[in-house]
Amino acid sequence: MRKAWILAPAALAVGLTLVVWAADPDKPKPADKAAVNLVPNGDFEAGDVTPTGWQTVDGLSSFWVKDEDPKHGKVIKFDTDVYQSQGYDWWMKIAKGASPKDAPKKTPTVGEKYDTLAGNDGVWFWSDFIPVEKGKAYWLTIDAKGPAMLAWLFGYPEKTSADFGADEGAFQEVLQAKLTGKPKDTSRGHEMFIHKYVWKGQMALGGSDEWKTYSRREKPFRPTANTPSVKYIRVMILPTWPPGVYYIDNVRLTEVEDKPAEPKAEK
Ligand SMILES: [Ca+2]
């Protein structure tokens, strides 16, 4: 286990310097294979135009593709080298029901690329709500290929909207302004977007041109250790900087059979 500093423009933009528990690639123990994966369709094999159990891909910055390695079957591919403005224009349409099949052709990017999704929002990709149990600890394991990125777990007391970008504040503010025709209200007293999660945890993954499996084995997630109201979690994958192509597959969340949870073990 090692700690890594991740300095992404997206993180800097919100004043965050992230110290993350970097997941060293490691081989899951044989027992893990038998453990029940709580993430529905974590291997991305099921679906029609987009994998079930997850937000829709957009066909511009996120794609549901067949991997060249037959062992992986279908995987998610991200491209963060897309202009933020083009991403947002298309995401507005996706949020209103457009099909990823009708995605616009990517506008080639030039220059320093701070105006791409890589330099701003990143390409967030959310799972649906997954029930978790009070007092339990969980391992998150994800296969990745491409530059380093982050995975997040967000904990919720109840199921809320799983619509496209539902808990993405920056996107929602622009979307609501577009839907209502009113500019974003920044006057005093205006209620800013309030996300619905009460707990979050993160894991770094990726950083190799080849598929590797990442987990936070020595530090399992304990969503209810300090936030006992959490009943559901959502997985969110977040490739950001550098602008480029990232892949994920086999997102697994499994219950850890271990000693009782230590309080304050989770941030
Ligand atoms: Ca797969």
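Tell me, what is the FRET efficiency for Val174 and Lys71 to the nearest 0.05, using R0 = 25 angstrom and their Cβ-Cβ distance as r?
Details: r = 40 Å, r/R0 = 1.58.
So the FRET efficiency works out to roughly 0.05.
What are the ³J(HN,Hα) values, in whole Hz, obtained from phi via the Karplus relation 6.51 cos²θ - 1.76 cosθ + 1.60 with θ = phi - 60°, for each residue of segment 195-202 in sequence order, with x given for Gly and Pro?
Along segment 195-202, the couplings run 6, 9, 7, 10, 8, 8, x, 9 Hz.
Taking the alpha-carbon centroid of each part, what is the distance from segment 143-185 to segment 81-107 in angstrom?
That distance is 15 Å.
A 26 angstrom limit on the alpha carbon distance is what I want to check against. Which of Lys145/Lys200; Lys77/Lys101; Lys77/Lys106; Lys66/Lys134; Lys77/Lys200 exceed it? Walk me through the numbers on the way to the answer.
Values: Lys145/Lys200 24 Å; Lys77/Lys101 15 Å; Lys77/Lys106 15 Å; Lys66/Lys134 37 Å; Lys77/Lys200 24 Å.
From the list (Lys145/Lys200; Lys77/Lys101; Lys77/Lys106; Lys66/Lys134; Lys77/Lys200), the Cα-Cα distance tops 26 Å for Lys66/Lys134.
Expressed in nm to one decimal, what extension gain is obtained for the pair Lys159 and Thr52 from 0.36 nm per residue of sequence separation less their Cα-Cα distance?
This chain segment gains 36.8 nm when fully extended.
Which FRET efficiency, nearest 0.05, do Val245 and Val36 yield, Cβ-Cβ r, R0 41 Å? Walk me through the intermediate numbers first.
Details: r = 31 Å, r/R0 = 0.77.
Rounded to the nearest 0.05, the efficiency is 0.85.
Determine, at each q value in 0.09, 0.16 (inverse angstroms), the log₁₀ of I(q)/I(0) that the Debye formula gives when each Cα of segment 99-224 is one equal point scatterer.
Cα-only, vacuum Debye calculation for segment 99-224: -0.38, -1.11.
Taken together, the values in this text are just the output of simple stated rules run on the coordinates, not laboratory data. In this text the structure is predicted, and so the values were computed from the model without any measurement. Glycine also receives a Cβ, built like all others from the backbone with ideal geometry; neighbour counts cover every protein chain displayed.
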